[in-house]
């Protein structure tokens with residue numbers, strides 16, 4: 001059944017809103033969910049926002065009277081969980097509801113669940129449903145995903161014949177203009193009607209008004225800029241449309257936020273911060289024919305000239321010309337009112353000279369971009385453009401036949417903020433003399449030219465430089481050039497991009513002296529072998545990228561790395577390159593949160609110690625590093641998960657031998673104290689404050705144990721004070737006794753009850769050291785100590801700490817933790833040989849094991865359990881194999897203990913030592929289990945090796 005469609009004839013936001021108000025009461029009662037498409041997708045936010053604002057005061061029809069208006073803007077889509085959170089916040093539900101969502105988000109962090117995959121929560125949905133039940137509401141919803149949702153699943157009660165309604169639309173964060181009515185309507189499954197305005201010619205004023213409302217919506221959902229004028233944002237949207245319609249093939253759209261600032265649209269002290277905040281929020285997704293139709297009729301404040309067009313004078317602020325010849329479609333002089341001018345000759349094989357007199361009246365220019373042009377580098381024609389702030393040159397050459405006069409006054413450089421040179425060898429403009437004139441420059445981009453010969457001259461110059469990109473040099477790295485001090489005085493630099501420097505072997509030594517870099521990009525730097533710098537990298541770095549497949553196609557002005565779709569594909573050609581980097585150390589980069597490593601076949605060691613990494617993902621952040629042997633995460637207090645690749649990818653793409661983690665506050669480690677593992681086994685050393693992080697290690701060990709490799713691990717769950725180096729094996733603390741303890745050995749329970757015990761231990765005055773040594777660490781060891789967070793819940797989690805102890809641990813030491821149970825059923829302890837529990841004051845029973853469990857247990861050491869009534873509880877129907885390997889049983893200072901073990905088999909075939917002391921309430925060493933062979937009651941329990 002096709003979706004009913006209604007075309008309305010309106011020409012602005014107010015008319016669209018009122019027409020929707022008019023038709024809603026006339027619709028069939030079964031129509032509860034309505035899709036609104038805008039003018040080809042344009043104006044959706046503006047109309048729905050207007051409906052949300054005006055509807056509460058509408059009383060013209062009972063059908064339009066609602067108890068609540070719920071406006072949910074998810075145009076910047078994250079996940080279904082985030083959408084449910086926005087609904088809960090809009091309804092002003094109790095803080096406990098938001099707390100449920102926050103706690104689940106935190107738990108999902110530790111489980112490595114990607115943010116986009118986080119589902120709604122049924123419990124929260126029920127609370128939302130209860131809050132709305134009995135009320136009549138209208139929900140207005142902007143859906144930034146590609147999927148239509150059954151909104152009722154999120155909580156709001158929707159039924160086909162109820163009084164509740166919803167008007168919604170697909171709306172991503174970019175501006176849309178397209179013909180997709182049928183395509184959208186065909187994929188709707190829960191929607192009852194589809195409304196769209198007829199795409200009639202909009203006047204310039206109407207288009208501007210709708211755009212202004214769209215801009216207001218952008219401001220409303222951007223907390224950092226809620227106080228700025230939407231008119232300014234609307235002008236930025238227009239500028240982005242201007243770039244999109246002409247220069248999408250030249251990658252200048254990436255500079256849109258820069259251009260808006262340099263053109264003068266964004267002004268004031270916060271201009272840079274505002275331009276960064278708006279980046280990526282003003283993008284257009286346009287159907288080209290429809291966009292051209294709009295532009296021809298609306299008479300925008302910009303002019304785009306292409307082949308076949310003829311220049312006509314007008315009040316144009318922004319002009320773009322694409323031409324095959326010097327005639328420029330009749331444009332002889334840039335109009336005096338123009339603030340931005342783009343010119344591209346479509347002659348890449350032979351750049352053309354600029355027409356004489358073109359810049360005669362260009363004093364107002366703020367942005368100038370020239371592509372495939374020829375002009376005199378000694379005396380550029382725009383030299384006197386004193387307001388120029390953005391100069392972009394792409395594949396331009398020196399016109400040897402032009403005006404060669406040496407001008408001493410380069411007015412165009414004094415106010416310059418951004419200089420972008422691409423494949424343009426203009427030595428003069430980057431000479432020491434000219435750089436001294438560019439005191440206000442904030443961004444310098446050099447691509448495909450003699451990059452490094454210029455950096456040696458940076459010291460003491462360009463004091464306000466914030467972004468420096470030296471990309472894809474066409475000439476070999478000059479090791480003789482002194483660039484050692486180039487960055488040491490660059491206190492304001494935020495972005496440093498050295499992508500494509502294939503011949504660079506070491507990073508500039510002065511990089512460690514730079515105090516402010518937040519982004520370091522080394523994509524395609526094939527020759528670099530080690531990344532750590534002589535004195536390390538700046539601790540201020542927040543984002544780091546090293547893509548072996550080369551530089552991204554576009555960059556961003558913020559600390560965010562380029563979107564993945566701007567990264568080069570994994571082609572055969574790039575696979576054959578020799579990418580030498582073997583060690584990357586970002587240790588000490590305390591602000592580092594964003595990381596992207598890809599296609600680094602020779603990378604052996606990655607050190608992220610002391611960084612702020614929250615989730616380390618080997619499927620999205622660290623990709624195609626098949627040779628990685630050593631990974632260090634020492635002092636990573638914020639670490640919540642490590643997402644290792646799946647089993648098949650793990651065996652093929654990850655050859656890890658050593659993983660070292662310490663998440664305690666202030667943890668540091670001297671590398672000299674770490675013994676690197678040279679064998680083919682995987683060694684995991686981890687000291688973890690939050691037990692939930694063990695979930696990540698469980699998956700790693702699972703993959704390793706199910707591969708041909710051997711796995712060893714030493715995992716300590718504690719937040720106790722840090723120590724330097726790997727923790728060395730220690731005996732349990734109760735082994736360290738003094739003279740008073742030795743004397744207390746005489747205070748055993750009366751010998752007439754335990755004469756067999758006395759005969760075994762002999763002279764009670766002997767120190768404990770005379771007995772078999774306490775359990776030591778084995779190759780697969782787990783220690784749980786004081787200060788562990790979320791310990792009790794994780795002991796009960798099969799895919800976390802509890803499962804790790806159950807399936808893989810050979811020795812376990814638990815001490816000083818306030819948990820009620822150490823292990824929870826079912827517990828097999830398949831490989832467990834040594835088990836030690838000390839000073840756990842709340843423990844009731846050490847083991848609640850399961851059938852066929854504890855087959856390999858050799859040593860059981862229990863001490864100072866104040867509340868424990870038994871070591872192993874009754875009633876679990878054990879088999880004869882349980883405790884078959886038990887050799888040493890040590891029980892000490894357990895005053896509430898009633899019995900040690902229940903008996904369900906005729907003997908302890910391997911028991912050598914039974915040591916019990918200071919258990920004042922103990923009545924029996926062993927007691928009959930609920931189910932036991934009859935002969936035990938008659939013959940007793942045999943200790944064949946005692």
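In terms of other Cβ atoms within 10 Å, 324, 166 run from fewest to most in the order 324, 166. Counting neighbouring beta carbons within 10 Å and listing from fewest to most, the residues 233, 253, 147, 519 come out as 147, 253, 519, 233. Ordered by the count of other Cβ atoms within 10 Å of each Cβ, fewest first, 435, 867, 139 give 867, 435, 139.
Extension gain, residue 296-residue 160: 0.36 nm per intervening residue step, less the Cα-Cα distance, totals 44.6 nm.
Measuring nothing but how far apart in sequence close Cα pairs (under 8 Å, 6+ apart) lie, relative to its length, segment 5-200 scores a relative contact order of 39 percent.
Counting DSSP beta bridges with both partners in segment 5-200, what percentage is antiparallel, nearest 5? Roughly 5 percent of the beta bridges in segment 5-200 run antiparallel, per DSSP.
Bear in mind these aren't lab numbers, they're just calculated from the coordinates by the rules spelled out. Remember, it's a predicted structure, so these values are computed and weren't measured experimentally. Here Cβ is always computed from backbone atoms with ideal geometry, including for glycine, and neighbour counts include all displayed protein chains.
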